[in-house]
1. Amide H neighbours of residue 30 under 5 Å, at least 5 residues apart or on other chains, H built in the peptide plane: list them.
2. Tell me which residues come under 5 Å, amide H to amide H, from residue 334 once H is placed; ignore anything under 5 positions away on its chain.
3. Quick check on the stretch 150-234: what are the equivalent-ellipsoid semi-axes from the Cα gyration tensor, as sqrt(5λ), descending, whole Å?
4. Relative contact order for the stretch 1-61 using alpha-carbon pairs under 8 Å, separation at least 6, rounded to a whole percent?
5. Could you work out the percent of alpha carbon pairs in the stretch 52-114 separated by over 14 Å, rounded to a whole number?
6. For the chain, what is the mean residue ellipticity at 222 nm derived from helices alone (per DSSP H run of n ≥ 4: -39500 (n - 2.57); sum divided by total residues; nearest 500 deg cm²/dmol)?
7. Please name whichever of 185, 261, 38 sits farthest to the positive end of the charge dipole of the chain, dipole taken about the Cα centre and charges placed at Cβ: Lys and Arg +1, Asp and Glu -1.
8. If I take every Cα pair under 8 Å that is 6 or more residues apart in the chain, average their sequence separation and divide by the length, what percent do I get for the relative contact order?
Amino acid sequence: MSEWAAFCCDESRDLVRGAVELLDARGRLTLARSADALRRMSEVSDPGELGIVVGPVREGVSDVNLAAAIAGGGNARCVALACESATGSLRSRAARAGVDHVLDRAEVTERLGEKRRAAAACAEPVVPAREPGGGAAPTLVLCSGRGGVGKTTIAACAATAAARWGMRVCLLDLDLSCGNAYACFGLSGGSDLVALGEARPAPDLLARSCVSAAPGVSLMGPCGRPEAAELVAPCLDAVLGWATREFDLVVVDTSTTFTDAVAQAVQRADRLLLVSDGRSGTTSSVARMSGLAVRLGVARTRIARVENRVDPKSGMRGATARPEVGLEAARVYRLVEGGDEVDELAAAGRVGELCEPGYPFPDSVLGMLAQLLAELGCLPDAEEARRAYEAPQRRRSWRLFGPRREAS
């Protein structure tokens, strides 16, 4: 499956997805938030790794100039310009700038129709770009390389928030020996993945291995006995494949080390989130994790950094160290220090209250989740999700004595 990245105005996303489907039916599309973000994605990718589609834009650099600039960089596998209508002069200008394809809406519609009819006649289904609630669900994998950075709490909050936005979420705990994601929901235990017992477990067995953690959230894992953790690796590919078919979102919490199971999940990730919290040693742990992920074949465009426990009074600047050469342009999400109440509510199994909007920590988690889902083209049509995505990216006013929720 090849990687594609695109940028366009919101109204033209269907045109861009159609262009990608036309050029590469099995391509994986990531939507950039801005023209600059699209250029950075092209610049940090390996030569020939990423295909680029530039659609209509409403402000800033023109679409043809953006496509020309990326083509001139020479890093993209191919560059396509998708537009509402293509004149002869536009095609000529784009060709002189090195743009590989110019596709207008009429052409995309006509050629896609022909391609789909031919595929149906040959019984070879065309795989469309992912839409919320259909196709393979996006997979978010959280890694850290060091314990205590808040990875499990972030995963539980993200899963709960996505479910509240109307998504069916699978939270997979791959800290197979010592995972405790279930505790965030007040459960006494999770499900024992060892019980699956074979490389290709039946769908009904997989369904029975899910534990209802919260409305819309199904929990799988860890293992009933820590010493049996290594027995899970043979069936994990089937578990991940089934989860992406049955749910709208898969969130994977992992152990502090790259076991075989974690490596499989990382290779399947639509976004690999490397979590640190600014303590001594956490940045170097993220560096080792990012380097290993790249060596496992994870595209740099699929890796993001999460800086947890950032002091809101510092202007959300976070750590300045680079985790890995070549990932210095990776997207960075900064989550506000939530104080003792985060640990208290998580320990009390009240993650549902912990991720309610209106407080600095959950607002930053919800904003990160909304941005990730929007990049993947899967942001739910829910008011809270839209607010999280559209929230102004400015530092909130900080009150020394604010309301505090107690965990009893």
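Taken together, the values in this text are just the output of simple stated rules run on the coordinates, not laboratory data. Note that this is a predicted model, so its numbers are computed, not measured. Counting neighbours? That spans all protein chains shown, and the Cβs are built from the backbone with ideal geometry, glycine included.
1. Result for residue 30 returns 4, 5, 6.
2. 307
3. Semi-axes (√(5λ), whole Å): 22, 15, 10.
4. Worked out over the stretch 1-61, it gives 54 percent.
5. Across the stretch 52-114, Cα pairs with separations above 14 Å total 54 percent.
6. After summing the helix terms and dividing by residue count, I get -11000 deg cm²/dmol.
7. The one lying farthest along the dipole's positive direction is 38.
8. So the answer I get is 16 percent.
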